[in-house]
Amino acid sequence: MRGLKGLIVGVANEHSIAWGCAKVLYEAGAEIALTYQNEKTKGYVQPLAAQISSPIFMPLDVTNDAQLEQLFERIKSTWGRLDFLIHAIAFAPKSDLQGRFVDCTREGFMIAMDISCHSLTRLAKAAEPLMCEGGSIITMSYYGAEKVVKNYNLMGPVKAALEASVRYLAMDLGSKNIRVNALSPGPVNTRAASGLANFDDLMAKAADEAPIHQLVTIEAIGEASAFLVSNKARFITGQVIYVDGGYNIRD
């Protein structure tokens, strides 16, 4: 990883999946650009950026086109290239997320789809010209994209769209040697997950029923992301790779 330069979007605090990825990749020798969503989250993320000596630390609300443009201009002026991008963002309005899927509002669905799914496409488009020697783009999905998971509700169809986006982006960008994949971790106690009803029950079920009877850690997810970033995964693209202790194989 030494000498690789990457952008990781989605760190909210030290419990974030994105932070697990940042730590592992930094320890492997990569330089990491980090973003924070707003001034409220900046206080949590700034000390983490300092820990990994992040040379680029900027605000990014993925609904703000100007911020996205400024971020990639800074990456271009600082590094001149980008080797990898990790997208670990998910959001849905709580009122739409915690009710039945059939009851979700049009506005709530559109917000969830824009922030959790289409933001990957916008970031990939911005990253494409900087990945002039190829690159790796990774996003985070969940088993609820494939099967109905109790209380996952609105996010299931949104993650299904995200996984489809991975396949189409992989096809579009493959000729430039840019690989696009998704990791699908088991449940992790992140800030985003706290919006799901009865999330503790979901974690307990995963720990009890997964073949290895353990919950995945953010470090383990980081290790999987490091593999996908590395040249050892150079023939892997358009895939959804589970990192869930084997939970997804159960009936």
Worksheet item: Which ³J(HN,Hα) values in Hz, rounded to whole numbers, follow from the phi angles of the stretch 47-63 under the Karplus curve 6.51 cos²θ - 1.76 cosθ + 1.60, where θ = phi - 60° and Gly and Pro get x?
Response: x, 5, 4, 5, 4, 9, 6, 5, x, 10, 9, 9, x, 8, 9, 5, 8
Practice prompt. Round to the nearest 10 and give me the degree value, 0 to 90, for the angle of helix 155-173's Cα axis relative to the longest principal axis of the chain.
Written response: 30 degrees
Item to complete: Mind grabbing the base-10 log of I(q)/I(0) for the stretch 1-57 at q = 0.16, 0.19, 0.23 Å⁻¹? Debye formula, identical points on the C-alpha positions, no solvent, two decimal places.
Response: -0.39, -0.55, -0.80
Worksheet item: So which trypsin sites (Lys or Arg not before Pro) in the stretch 131-189 are both in a DSSP loop and have at most 13 other Cβ atoms within 10 Å of their Cβ?
Response: Lys147, Lys150
Worksheet item: Going by alpha carbons, how many degrees (0 to 90, nearest 10) lie between the helix axis of 199-209 and the longest principal axis of the chain?
Response: 90 degrees
Discussion item. Using each residue's phi in the stretch 117-133, evaluate 6.51 cos²θ - 1.76 cosθ + 1.60 at θ = phi - 60° and report the 3J(HN,Hα) Karplus result to the nearest Hz, with x for Gly and Pro.
Written reply: 10, 5, 4, 4, 5, 4, 5, 4, 5, 5, 6, 3, x, 8, 8, 5, 10
Worksheet item: Relative to the Cα centre, what is the charge dipole magnitude of the chain, using +1 at the beta carbon of each Lys and Arg, -1 at the beta carbon of each Asp and Glu, and rounding to the nearest 20 debye?
Response: 400 debye
Worksheet, complete the sentence: Two pseudo-spin positions, 7 Å from Cα along C-beta at Ala164 and at Arg234, lie apart in nanometres by 3.3 nm
Worksheet item: Amide H neighbours of Ser136 under 5 Å, counting only residues 5+ apart in sequence or on other chains, H built in-plane at 1.01 Å?
Response: Phe84, Leu85, Arg179
Worksheet item: Angle, helix 17-27 long axis vs. longest principal axis of the chain, Cα atoms, 0 to 90°, nearest 10?
Response: 40 degrees
Practice prompt. Go ahead and collect, in residue order, the members of the stretch 123-139 whose backbone nitrogen is under 20 Å from a label point 7 Å along the Cα-Cβ direction of Ser77.
Written response: 126-131
Worksheet entry | Globularity ratio of the stretch 5-246, using Cα Rg and 2.2 N^0.38 Å | 0.95
Practice prompt. Write out the trypsin sites (Lys or Arg not before Pro) in the stretch 1-37 meeting two conditions: DSSP loop, and at most 12 other Cβ atoms within 10 Å of their Cβ.
Written response: Arg2
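Each reported figure results from applying straightforward, stated rules to the coordinates on display, with no laboratory input. All figures in this text were calculated on a predicted structure; none of them were measured in a lab. In this analysis, Cβ positions are derived from the backbone assuming ideal geometry, glycine residues included, and neighbour counts consider all displayed protein chains.
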